[in-house]
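So the structure is just underneath, and the comments pick up after that.
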Amino acid sequence: MAAAIVAIVLVLFALYVASRTVRIIPQARAGVVERLGRYSRTLNPGLTIVVPFIDKVRPLLDLREQVVTFPPQPVITSDNVSVGVDTVLYFTVTEPKDATYEIANPLQAIEQLTVTTLRNIIGSLTLEETLTSRDQVNDKLRVVLDERTGKWGIRINGVELKSIDPPGSIQEAMEKQMRAERDRRAAILNAEGVKQSAILTAEGEKQSAVLKAEGAKTAAVLRAEGEAKAIDTVFRAIHEGDADQKLARPGRREQDLRDPERVLPGLEQRRGQDLWPADPAARVISDELENYADAVTSPWGEQLQALEAKARNELPYPQMISGPVVGRLLEALVFLIQPRLVLELGTYAGTSALMMAGALPDGGRIVTCELSDEHADWAQGGIDASPYADRIEIRRGPALDTIA
């Protein structure tokens with residue numbers, strides 16, 4: 001019985017010795033072996049043999065990257081604002097021997113070193129710089145901590161500022177500032193939009209005015225050219241014809257019609273030449289031609305001038321209204337031919353009919369067919385107010401907008 005007990009004790013002792021002799025180190029772990037109290041070697045992952053009762057294996061160290069979160073720490077910025085900073089630290093044990101013998105409590109040492117370094121860095125920054133320079137603060141923290149923990153066998157992989165919490169009053173002031181900044185930017189953008197809109201509108205109005213002016217210029221040039229050619233035709237007929245003094249109305253200068261040389265000196269030497277400027281765009285009739293026209297035709301009276309100005313302001317298509325040059329041309333033709341009856345299609349404002357009526361012989365009359373009731377009424381009003389109302393008859397024809 002005693003032998004059995006001894007055998008059992010020996011077996012248990014052998015198993016105990018075997019367990020103290022054979023050690024299995026897991027992956028990403030490391031063990032420090034002390035022999036008779038002094039450092040002997042570092043155990044790497046795998047199966048290893050130690051001397052029982054002489055070698056002692058200290059607790060295994062984790063070689064993986066570890067994450068440590070530190071509670072928020074109060075830090076004062078350079079502009080005397082107290083903020084709470086919450087940090088996260090990433091580190092790895094690179095030398096198990098140094099981590100075991102160089103520092104007693106690595107985590108507590110890293111925490112205290114992080115707090116003091118963080119206060120030094122943020123203490124040199126303003127609140128705004130602290131909030132906008134997190135990357136710079138992180139880099140400075142990592143460099144300082146890695147330098148100090150290198151001799152401990154620990155490598156600092158990174159430091160992150162998880163949160164920076166200023167006081168409530170500071171947060172409220174920052175929110176007001178942000179709202180004011182947004183309002184300012186919105187006002188600037190709105191002003192820029194109004195400015196661009198005004199610029200584009202002004203450019204459009206400018207281009208429109210330029211195009212209208214060019215159109216009016218072209219129309220005036222063409223109208224002046226046509227009137228100039230028409231006047232040339234009439235006065236060439238007067239110069240080359242043999243007008244009878246009997247055709248001249250009382251009060252006219254019959255001798256001036258029969259002898260244009262009296263009114264226009266040098267006419268015989270200038271026959272066949274133009275009596276107006278060669279450029280129609282000039283829209284200027286020579287003084288000699290104007291004087292001759294005044295001598296053989298009735299003047300463009302104040303009544304007709306007022307009628308023309310009123311018509312141009314109140315009626316559409318003002319380019320259809322006969323002006324003083326065209327009116328004088330028509331009067332000269334009637335005075336030269338002395339017709340008993342003149343048929344006119346569309347007197348429009350009545351100015352052309354009134355000019356011709358002044359040159360009719362006794363008993364002569366004008367019948368004009370107006371194409372629009374509005375124009376007929378307008379022309380009839382001017383004719384009724386003139387001394388030639390008995391010589392002019394207005395007949396109404398189709399509406400102006402029905403003629404293609």
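Going by how many other Cβ atoms sit within 10 Å of their own, how do MET356, MET178 line up, fewest first?
MET178, MET356
Using only the Cα atoms of the stretch 25-70, build the gyration tensor, take square roots of its eigenvalues as a ≥ b ≥ c, and label the shape rounded, prolate or oblate: rounded if a/c is under 1.5, else prolate if a/b is larger than b/c, else oblate.
Taking the square roots of the gyration eigenvalues as a ≥ b ≥ c, the stretch 25-70 is oblate.
Just from the alpha-carbon atoms, what are the Rg and Dmax of the stretch 47-91 in angstroms?
Every Cα atom of the stretch 47-91 included, Rg and Dmax give 21.2, 63 Å.
With N set to the residue count of the stretch 87-135, report its C-alpha Rg divided by 2.2 N^0.38 Å to two decimal places.
Relative to the rule-of-thumb radius for its length, the stretch 87-135 sits at 1.51.
Put +1 on the Cβ of every Lys and Arg and -1 on every Asp and Glu Cβ in the stretch 126-220; which of ALA180, ASN138, LEU200 then has its Cα farthest towards the positive end of the dipole?
Farthest along the dipole direction, towards plus: LEU200.
Compute the normalised compactness of the stretch 132-179: alpha-carbon radius of gyration over 2.2 N^0.38 Å, N being the residue count.
Here the answer is 1.68, to two decimals.
With unit charges on the beta carbon (Lys/Arg positive, Asp/Glu negative), name the residue among VAL83, THR42, ILE8 whose Cα is farthest towards the positive pole of the charge dipole of the stretch 1-101.
ILE8
With label points built 7 Å along Cα→Cβ from the Cα atoms of ILE170 and LEU12, find their separation and express it in nm.
The answer from the label model is 6.6 nm.
Add +1 for every Lys or Arg and -1 for every Asp or Glu among the other residues with Cβ under 14 Å from the Cβ of LEU343, and state the total.
With Lys, Arg at +1 and Asp, Glu at -1, the net is +1.
Quick one: of LYS217/LYS310; LYS140/LYS162; LYS195/LYS217; LYS140/LYS176, which pairs are farther than 27 Å apart, Cα to Cα?
LYS195/LYS217; LYS140/LYS176
ALA209 versus ASP362, label points 7 Å from Cα toward the beta carbon: distance in nm?
5.8
Once a ≥ b ≥ c are taken as the square roots of the eigenvalues of the Cα gyration tensor of the stretch 328-397, is the result rounded (a/c under 1.5), prolate (a/b larger than b/c) or oblate (a/b not larger than b/c)?
Prolate shape, in that a/c is at least 1.5 and a/b is the bigger ratio.
Would you mind computing the Rg to Rh ratio of the stretch 146-230 from its alpha-carbon coordinates, Kirkwood style for Rh?
Here the Rg-to-Rh quotient is 1.68.
At q = 0.14, 0.22 Å⁻¹, what base-10 log of I(q)/I(0) does the Debye formula yield for the stretch 1-40 when every alpha carbon is treated as an equal point scatterer in vacuo?
Normalising to I(0) and taking log10 leaves -0.53, -0.80.
With a/c under 1.5 counting as rounded, go ahead and sort the stretch 1-140 into rounded, prolate or oblate using the C-alpha gyration tensor (a ≥ b ≥ c being the square roots of the eigenvalues; past the cut-off, prolate if a/b is larger than b/c, else oblate).
Prolate, because a/c is 1.5 or more and a/b exceeds b/c.
What nm value, rounded to one decimal, do you get for the distance between ALA219 and SER124 when each label is placed 7 Å out toward the C-beta?
The two pseudo-label positions are separated by 8.0 nm.
Fewest first, what order do THR48, THR130, THR117 take by the number of other Cβ atoms within 10 Å?
THR48, THR117, THR130
Which value, in debye to the nearest 20, gives the size of the charge dipole of the stretch 57-162 about its Cα centre, when Lys and Arg are +1 and Asp and Glu are -1 at the Cβ?
That gives a dipole near 300 debye.
Between ALA191 and GLN136, what is 0.36 nm times their sequence separation minus the Cα-Cα distance? Round to one decimal in nm.
Difference between extended and current length: 16.0 nm.
Please list, by residue number, every one of the chymotrypsin sites (Phe, Trp or Tyr not before Pro) in the stretch 35-100 that is coil in DSSP and has at most 16 other beta-carbon atoms within 10 Å.
Those that pass, being in a loop and sparsely packed, are PHE53.
Give me the one-decimal Kirkwood hydrodynamic radius in Å for the stretch 94-187, with the sum taken over alpha-carbon pairs.
Taking every pair of different Cα atoms in the stretch 94-187, averaging 1/r and inverting gives 15.7 Å.
Using the Cα centre of the stretch 96-138 as the reference point, and only Cβ charges (+1 on K/R, -1 on D/E), how large is the resulting charge dipole? Debye, rounded to the nearest 20.
80
Read-outs throughout are calculated quantities, based only on the coordinates presented, and are distinct from any laboratory measurement. Owing to the predicted nature of the structure, the values given are computational and were not obtained by experimental measurement. FYI the Cβ positions are ideal-geometry reconstructions off the backbone, even for glycines, and counts take in every protein chain you see.
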